[in-house]
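Shown next, in structure tokens, is the structure this report addresses.
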Amino acid sequence: MQIVTRTDRPDLNDTAAAVFKERWPEFIFHDETPKKYLSRVLEHFSHFDILVLDQEAVVAGGWGVPIAWNGEAGDLPSGYDEALVRDVQGREADIPATTLSFMAVAVGSAQDKRGLATVVLRELTQRAQEAGLAHVIAPLRPTWKHRCPTVPMGEYAAWTRADGLSIDPWIRTHQRMGARILGPAPTSMVIEGSVAEWEEWTGMVFPVTREYVVPDALDLVAIDRETDRGVYVEQNLWVQHR
Ligand SMILES: CC(C)(COP(=O)(O)OP(=O)(O)OC[C@H]1O[C@@H](n2cnc3c(N)ncnc32)[C@H](O)[C@@H]1OP(=O)(O)O)[C@@H](O)C(=O)NCCC(=O)NCCS
């Protein structure tokens, strides 16, 4: 197994993109904030954008951003989108970063349950330490939360098994690495589109104005036929690693 950055291996870009795209619902790719900021993030922080190779095949990957955070819950970004903005604006204003925020991890769909996500998280944590960052946090997207889209994230995150770990597999992975839950990231991602766009992204039909359960969405999607808008505000969960 070999770990490289995406910049080291531009030849793997298409393969890596294909491996990861299949793991996310289409609507996730229509958040406007990453469209504005992602290219600057990748340009400045390529050492936090890694791929795991198994005999030259891309089997996993993940990335994070260095941000200024004072260690207090009240200073956390509102989630994924704001972490991206804080990272880019902080760099452009010369504000020193203190913290690595993991942003996404994915493993190839045939590679689940091999512990590869932990390999990615460990590598990024080590890189954060080498860069002198004091904290490691993440606005997690719990992998089973889509099964309970009407439950607030704070309540979901408190549900535990008999062994005291979360009922959610992805939260458990972080807990096993020593992470603790800080609290919900209330406005982590905001995705808006016309009703036709939402129908295309989800393969559903939205005949009336109301909130809908959408596959792989962690929260409900609010469709307004009168204004021809669909709005999805995704809550994630802030955790802090040791
Ligand atoms: C979430 C993800 C990164 C986990 O990767 P992984 O390398 O399989 O992680 P692990 O091997 O550490 O497994 C973590 C837990 O998830 C469970 N798990 C992993 N894949 C699973 C699957 N397809 N179905 C059910 N459970 C699964 C494992 O059993 C383990 O739970 P456990 O506590 O019962 O042992 C991977 O499933 C993935 O890429 N998902 C799509 C992208 C995503 O949601 N990323 C996370 C948000 S940033």
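Some points to look at:
- Stretching residue 35 away from residue 213 to a fully extended chain increases their span by 61.5 nm, per 0.36 nm per residue minus the current alpha-carbon distance.
- Length-normalised contact order for the chain - Cα pairs under 8 Å, 6+ apart - percent: 20 percent
- Number of Lys-Lys pairs in segment 2-241 with C-alpha atoms under 22 Å apart and a separation of 8 or more places or on different chains: 5.
- Computed on segment 31-84, with alpha-carbon pairs under 8 angstrom and 6+ residues apart, the relative contact order is 34 percent.
- Whole-percent carbon and sulfur share, accessible surface of the chain, 1.4 Å: 51 percent
- Inter-label distance, nm, simple model (7 Å from Cα along the C-beta direction), residue 242/residue 47: 2.5 nm
- The modelled label-to-label distance for the pair residue 94/residue 68, using points 7 Å beyond Cα in the direction of Cβ, is 1.2 nm.
- Restricting segment 178-240 to trypsin sites (Lys or Arg not before Pro) in coil, as DSSP defines it, with at most 16 other Cβ within 10 Å: 225
- Computed lengthening from residue 56 to residue 190, 0.36 nm per intervening residue step minus Cα-Cα distance: 44.7 nm
- Inter-probe distance in nm under a simple model that places probes 7 Å from Cα toward Cβ, at residue 123 and residue 161: 2.7 nm
- Residue-normalised accessible area of segment 93-242, given per residue in Å² at a 1.4 Å probe: 48 Å²
- The shape of segment 2-241 can be summarised by an equivalent ellipsoid whose semi-axes, obtained from the alpha carbon gyration tensor, come to 28, 21, 20 Å from longest to shortest.
- Accessible area in the full protein assembly, largest first, 1.4 Å probe, for 205, 52: 205, 52
- With at most 15 other Cβ atoms within 10 Å, longest stretch of the chain clear of loop chymotrypsin sites (Phe, Trp or Tyr not before Pro) (DSSP): 1-143
- Candidates 46, 109, 166: whichever shows maximal mean-square fluctuation once the chain is modelled as a Gaussian network with Cα springs under 10 Å: 109
- Average silhouette area of segment 104-242, convex hull of alpha-carbon atoms, in square nanometres: 9.8 nm²
The values are calculated or read from the model by the stated rules, or taken from the named source; none is laboratory data. What you are looking at is a predicted structure, and each value in this text was computed from that prediction instead of being measured. Note that we place each Cβ from the backbone using ideal geometry, even for glycine, and neighbour counts take in every protein chain shown. Protein only, heavy atoms only, side chains kept; ligands, DNA and RNA dropped before computing areas. Shrake-Rupley method; radii C 1.70, N 1.55, O 1.52, S 1.80 Å.
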